[in-house]
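Shown next, in structure tokens, is the structure this report addresses.
The numbers here are math on the coordinates, done by the rules we state, and not lab data. What you see is a predicted model; the values in this text were computed from it and never measured. Glycine gets a Cβ as well: all are built from the backbone with ideal geometry, and neighbour counts include every protein chain shown.
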Amino acid sequence: MLSVNHVTKYYDKVKAVDDLSFEVKNGEIFGLLGVNGAGKTTTFRMIIGLLEPSSGDVFLDGKKIDYSVTDTIGFLTEERSLLTKLTVKEQILYYGKLKGMTEEKIMEKLDYWLQKFHIEEYKERKIKELSKGNQQKIQFISAVINDPKLLILDEPFTGLDPINVEMFMQVIKEFKNSGSSIIFSSHRMEHVEMFCEKLVILVKGKSVLEGELKQIKKDYRKKNIHIQGKFDKEAVKNLAGVLSLEERANDFLVKIESESVIEKVFQVIKKSDEITEFRVEDPTLNEIFLSKVGESYEG
Amino acid sequence: MKDKLKFLTKQSLKKKIDTKWFKGVNILLLVLLLFLANMDRVVTFFGGDFEGEKNIYVLDEVNGFDFFSNTFLASSKSLEEINNYKVLKSSLSLESLKKSLEENKEDIIVSLSFDETNFMKAEIISFDEVNMMTKQMLISSLNSLKETMAFQNSGLTEDEILSLKTPVSVTSTYLNSEVQGENQELIASLAILVIILPCFFLIIMLVQMIGAEVNDEKTTRSMEIIISNVSPKTHFLSKIYASTLFVLIQGALLLFYGFLAFLLRGVFAGGSDSLMLTGSVGEILQVVRDSGIINILLQGLPFILLLFVFSFISYAILAGVLASMTTSIEDFQQLQTPIMLIIMVGYYLAIMASQFEGAFFIKAVSYIPMLSFLLSPVLYTLGQITIIELGISTLITGIFTFVLFRYGLRIYKVGILNYSSTKLWKKMFRSLKRK
């Protein structure tokens, strides 16, 4: 289990991370969200020991993270962190050895992963000769070659097409099922929503929202109503508690303040004979994110 | 962590040595050194106009042909491989000899005649300009002939003339036991050629290699993965060890190539002793042998080697620290210029050491780390500093290297993960205070 306890980091006089605390249990996927410069990378760097926190501690299975435990951590950086002049085999051997693995074990694992990602033929190819997507696969392999207890994924889907995103997600879920703790960051909220159970949203280094995704959605009182058909739009717009009415390609999206407004909207809609759909949904994580980040910036 | 240090060092060294470029460059270096050491042999091997027989016709009115001919042939002996001269007494007239020069343009006519006030006078006639070396030998032989004629006319006996012509016997006695004799400038030139010049190039290679490697890891962000698995200290040490090892291997290879080049020269010279060296190289080595410099060098060798190793490490540390601070190879290349200038200062002072014997400034600079490895061995070879002073210089560089590593590591730790050049120097100075 990973514990981040009241961690603060200053760069000069600038507070990059402000009293951040969270826990990631074994077999849990945790989302660390925030706009650019929110403090995500600094947090990751503190977790893997690249940066010393100004205050606070980071523990993995009750042990303070230092070079005695880093062999059990896998880290995928946001930018490509590959030595592009090396071949795939040389690169993975290099990083695997740095994790304290034997050459035999590394080769066995490498063959497994190359097969899994359908790129066996690239084993002897130089990394610079590979496409962006395949480079990302190699980077991912280098992060998981040691079957990490803690897997840190900073924007893992960068440069991947939807098929490969799906493949990565599957693999990440497999790691979760095998008991690894996974921390994950992405700008793509739909990815986070798909498999993060817990998350924290950072704004200027400070947590503005944290907890379990289900609970966050539940606590977020605003709802969305999808309507298909003809109805009195002005009447809906003028209802108290209706925040907005947006015409989209195939339907209308009505955003409301709370669950109690649903009934009021329904009363207006049912007057029409041409309604084919009336569906109430929880807001997306993207909306919650935008709302929370917006509030904090305004605040 | 020790295994990881070993692995990183091996990996870094492999990256430098196990490449087609390293092998290619070394083959080229070997070929070039073989060529440089045997250049004259190569030139004569392919032949040219110089090979043809050249006649020197002497029109002798002073009865000095035998003396002139013997003197000239003796002095031109060392050049007989490239100048095949024959000295002939001619009974033909000057005009017919001049005509023959139009066909045999390499031939020379030397006309000797009496002179009332100066004993004799001479005229050298050729079709084209005579090369400087040959002309010098001709003039020198003519001067000797004139001298002999003067002595003969003086009424001195032959023994007296012989005694007069024998050079004065001079014995040099030095009361200072540390003085290594004459030929200091030659020895200094040799020390610069054999020790300083290769070191100069090796340091440049070392600085460039360590800079490129650190920069490559930084710019590709693989540094983050590496440093998340090994400490910056381990990483830094691996770079220092690998580049110092590389320099020592390359230095040893250069020495080996040099040895092969001279060995080949000996083989070219022929004879039963294949190690026999001929010509100027042989003479130089003879001077070195006679001067006793080899014994002195052997005594100081442990200090000299230590001084080199410490200095290589110092430059590796400095290059590593500077590379860690920069965010691109272009920035590093700019920072490299002052390092090159530091080495240049040492190099030129080493050259000046034999001209300004006992110069206080040069001696003082020989204690300064990063310059001492260029100056101290030369000053020691010239007898301008003692083995104790060489030892002190080595010790100072050793201590400096340790301190440089201790404080350099603090900058390195911060620098390798810094991607911004904003307030760079402030960040680096602040990192010096952190333990």
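As I understand it, the dipole of the range A:221-281 uses +1 on the Cβ of Lys and Arg and -1 on the Cβ of Asp and Glu, about the Cα centre. Which of A:PHE278, A:HIS226, A:SER258 lies farthest toward its positive end? In the range A:221-281, that residue is A:SER258. Computed from the Cβ-Cβ distance with R0 of 45 Å, the FRET efficiency linking A:GLU108 to A:LYS64 stands at 0.90. For the pair B:LYS77 and B:GLU61 in one chain, pulling the backbone fully straight at 0.36 nm per residue adds 3.2 nm over the alpha carbon distance. Overall, the range A:170-239 carries a charge dipole of about 240 debye about its Cα centre when +1 sits on the Cβ of Lys and Arg and -1 on the Cβ of Asp and Glu, all other atoms neutral. The range A:1-40 to the range B:385-429: how many Å between their Cα centroids? Using only Cα atoms, the two centres lie 35 Å from each other. The Rg/Rh ratio of the range B:48-165, with both radii computed over alpha carbons and Rh defined as the Kirkwood radius, is 0.99.
Mind checking which lysines have their C-alpha under 18 Å from A:LYS271, skipping anything on the same chain fewer than 8 residues away? In chain and number order, the partners are A:LYS230, A:LYS233, A:LYS237.
Between A:LYS116 and B:LYS10, the FRET efficiency from the beta-carbon distance, with R0 = 22 Å, is close to 0.15.
Spin-label model, B:ALA212/A:LYS25: points 7 Å from Cα along the beta carbon direction are separated by 5.3 nm. Here the ratio of the Cα radius of gyration of chain B to 2.2 N^0.38 Å is 1.39.
For the pair the range B:205-220 and the range B:96-160, the centres of their Cα atoms are 66 angstrom apart. Distance between the pseudo-spin-label points of A:ALA235 and B:TYR348 (7 Å out from Cα toward the beta carbon): 9.5 nm.
Full extension of the segment from B:LEU260 to B:GLU116, taken as 0.36 nm per residue of separation minus the current Cα-Cα distance, would add 46.0 nm. On full extension, the segment bounded by B:ASP18 and B:LYS99 gains 22.5 nm, given 0.36 nm per residue less the C-alpha separation. For the listed residue pairs A:LYS13/B:LYS423; B:LYS14/B:LYS218; B:LYS15/B:LYS427; A:LYS204/A:LYS292; B:LYS10/B:LYS218; B:LYS16/B:LYS233, the alpha carbons are over 23 angstrom apart in B:LYS15/B:LYS427. With a Förster radius of 56 Å applied to the C-beta separation of A:GLU129 and B:PHE360, the computed FRET efficiency comes to 0.40. Residue ranges A:100-111, A:273-284 sort as A:100-111, A:273-284 when ordered by packing (mean number of other C-beta atoms within 10 Å per residue, highest first). Name the helices (complete DSSP H segments) of chain B with a Cα length along the long axis of 24 Å or more and a Kyte-Doolittle mean of at least -0.5, or state none. TM-like helix candidates: B:20-37, B:132-153, B:197-219, B:232-269, B:293-325, B:329-352, B:387-415. Between the listed residues B:LEU29, B:GLY251, B:VAL62, the Cα displaced farthest toward the positive end of the dipole of the protein assembly as shown, a dipole computed from Cβ unit charges relative to the Cα centre, is found at B:GLY251. Legend: mean number of C-beta atoms from other chains within 10 angstrom of residue C-beta atoms, peptide B:227-234, equals 6. I need the P(r) histogram for the range A:221-281: all alpha carbon pairs, bin width 10 Å from 0 out to the longest distance, whole percents. P(r) over the range A:221-281, rounded to whole percents: 24, 64, 12. The alpha carbon centroids of the range B:342-382 and the range B:227-251 are separated by 29 Å. Its alpha carbons considered, chain A gives a radius of gyration followed by a Dmax of 22.9, 73 Å.
Looking at the protein assembly as shown, the pairs of alpha carbons with a distance over 43 Å make up 54% of the total.
Simple point charges give the picture: +1 on the Cβ of Lys and Arg, -1 on the Cβ of Asp and Glu, and for the protein assembly as shown a dipole about the Cα centre of about 3940 debye. The magnitude of the dipole of chain A, with charges of +1 and -1 set on the Cβ of Lys/Arg and Asp/Glu and taken from the Cα centre, is near 380 debye.
Measure nothing fancy, just the Cα-based angle from helix A:88-98's long axis to the longest principal axis of chain A, in degrees from 0 to 90, nearest 10. Around 80 degrees separate the two axes.
Each label point was placed 7 Å from the Cα along the Cα-to-Cβ direction; for B:THR166 and A:GLU197 their separation is 11.0 nm.
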